[in-house]
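I have placed the structure first, in the form of structure tokens, so that the comments after it can refer back to it.
The values are calculated or read from the model by the stated rules, or taken from the named source; none is laboratory data. This is a predicted model, so every value here is computed, not measured. Cβ atoms come from the backbone with ideal geometry, glycine included; neighbour counts cover every protein chain shown. These accessible areas exclude ligands, DNA and RNA; they are computed on the full protein's heavy atoms, side chains included. Shrake-Rupley method; radii C 1.70, N 1.55, O 1.52, S 1.80 Å.
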Amino acid sequence: MIEFKGVNKYYGDFHVLKDINLTINQGEVVVVIGPSGSGKSTMLRCINHLETITNGELTVHNISVADKKTDINKLRRNIGMVFQHFYLYPHKTVLENITLAPIKVLGKSEKEAKETALHYLQKVGIAEKAQSYPSQLSGGQQQRVAIARGLAMSPEIMLFDEPTSALDPEMIGEVLDVMKALAKEGMTMVVVTHEMGFAKEVADRIVFMDEGRILEEATPAEFYANPREERAKLFLSRILNH
Amino acid sequence: MLDFTILTENFDIYLEGYKTTIIASLIALVASFLLGTLIAVFRIAPFKPLNWLGTVYVEFIRNIPLLVIVFFFFFGLRFSGPVAGATGLTIYTAAFIAEAIRAGILSVPKGQMEAARSSGLTYGQTMRLIILPQAIKIVIPPLGNQFINLVKNSSILGVVAGLDLMYHADLISSRTYVTFDVYIFVALFYLSLTIPLSLGVGYMEKRLAKSN
């Protein structure tokens, strides 16, 4: 479904992504971990073309993301994205945040979009906040709205860019629960996170990155029990032992 | 003491000019706002030739005296006084408005653009529905300053036979040989426009701040 073939990316002289090869299949939950600055987020953001790749081949549904002829807006409809800092629209209510793209991009009627929005709000457990503004919600609630906003487009793929990193510790659980439920339903998910518990429990596959390279790709059981790479061992020992 | 007979005896003439000042200011206000917004979007659009066009416009226009721009339309293109004045004002003020709006747009977090674009909205839709409505709140105070400047700068019409307040005051002054009093009344007429404008901007600022 998502395929990286020999993808490189540079920021000027800085080599951010080095020869990335990765295939993500339908219904798979892939968790990307690694130290800060290892290129995890950049790789994720290439998938919906928020970042452009320098060379190599990146396809979603066999459509080349970097190709100038590709209708990028059409491609993005099918890929929901959740950001570290939520990025809800502050001048719109929760409901308007969720219905905007379905109305403007998919051409849904207001009534239909509203029904869909309420359905997903229910699903993420905050239907009663439909008329609130984002600033009136807690971080965890805002992030759940952001997830509902992504889901309302009925995407086949959801990208999560450190969705719990900006949250109070107490709020992390509620967001992870929503993500777990989503994974169980068979959503194709790519998640950049530091939540090892989540990775262990939900991931079909863990991708470990360091310095722009994918160093290791394994099931959670394999990865945690027996990481092959020294760097992965070091990373795990540092984050698991405190 | 002020000679109020200057005002009462020439009230119709003052009013005639006052009307033109208001009309020219209103036209220039609306037009410069639209043009300024367009130029601001040009300056930040993800398309180099537009950026270049926007930058050239701003750097060129805001570094020329308003009078020279008005003369260009009046003597150069042979526009009538009021039209040359209003056009010059529009072109000139738009450069400053563009800068104010650009600063406002840039102050909206980048993630807003990314979130909207990643949901499939086009660049234009994102600007119109997400970025500009947020930018406008930030932009209102500097925009208000530009509008107040615009009303005062409209006195430039007086120099090109623009039939405005200043032009008619010049007529009264040259007929009565009174200078001081005539222009004091002119100042009062301008204040009657700029003070409500100032209060209006303050009110909008408060109201928009509340809606956050």
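Consider the stretch A:102-132. How many of its residues are within 14 Å of chain B (Cβ to nearest Cβ), open to solvent by 10 Å² or more (accessible area, probe 1.4 Å) and of a type in the set (Gly, Ala, Ser)?
2
Against the condition facing another protein chain (nearest Cβ under 10 Å) and surrounded by fewer than 17 Cβ atoms within 10 Å (Cβ to Cβ), how does residue A:135 come out, does it pass?
Numbers: facing another protein chain (nearest Cβ under 10 Å): yes; surrounded by fewer than 17 Cβ atoms within 10 Å (Cβ to Cβ): yes.
Yes; evaluated as a whole, the condition is true for this residue.
Report yes if residue A:153 is touching a helix residue (DSSP H, G or I) at 6+ places or on another chain (Cβ under 9 Å) and either of a type outside the set (A, V, I, L, M) or not in a loop (DSSP other than H, G, I, E, B) (or both), otherwise no. Even if it seems obvious, please write down each step before you answer.
Details: touching a helix residue (DSSP H, G or I) at 6+ places or on another chain (Cβ under 9 Å): yes; either of a type outside the set (A, V, I, L, M) or not in a loop (DSSP other than H, G, I, E, B) (or both): no.
Answer is no for this residue.
Filter the stretch A:64-98 down to residues that are more than 11 Å from chain B (Cβ to nearest Cβ) and either open to solvent by 70 Å² or more (accessible area, probe 1.4 Å) or part of a helix (DSSP H, G or I) (or both), then give me how many there are. If you could, list the steps in order and put the result at the bottom.
So in the stretch A:64-98, the residues more than 11 Å from chain B (Cβ to nearest Cβ) come out as A:64-70, A:93-95.
Next, from what is left, pick out any that are either open to solvent by 70 Å² or more (accessible area, probe 1.4 Å) or part of a helix (DSSP H, G or I) (or both): A:68-69, A:94-95.
Within the stretch A:64-98, residues that are more than 11 Å from chain B (Cβ to nearest Cβ) and either open to solvent by 70 Å² or more (accessible area, probe 1.4 Å) or part of a helix (DSSP H, G or I) (or both) number 4.
Restricting attention to the stretch A:47-63, does a residue exist that is closer than 20 Å to residue A:194 by Cβ and either of a type in the set (Gly, Ala, Ser) or buried (at least 20 other Cβ atoms within 10 Å of the Cβ) (or both)? Break it down into steps so the answer makes sense when it comes.
If we filter the stretch A:47-63 for residues that are closer than 20 Å to residue A:194 by Cβ, which is where we start, we get A:47.
Next, only the ones that are either of a type in the set (Gly, Ala, Ser) or buried (at least 20 other Cβ atoms within 10 Å of the Cβ) (or both) stay: A:47.
Within the stretch A:47-63, one or more residues are closer than 20 Å to residue A:194 by Cβ and either of a type in the set (Gly, Ala, Ser) or buried (at least 20 other Cβ atoms within 10 Å of the Cβ) (or both).
Are any residues in the stretch B:59-87 open to solvent by 80 Å² or more (accessible area, probe 1.4 Å), part of a loop (DSSP other than H, G, I, E, B) and either touching a Phe, Trp or Tyr at 6+ places or on another chain (Cβ under 7 Å) or closer than 22 Å to residue B:43 by Cβ (or both), and if so, which ones?
B:62, B:63
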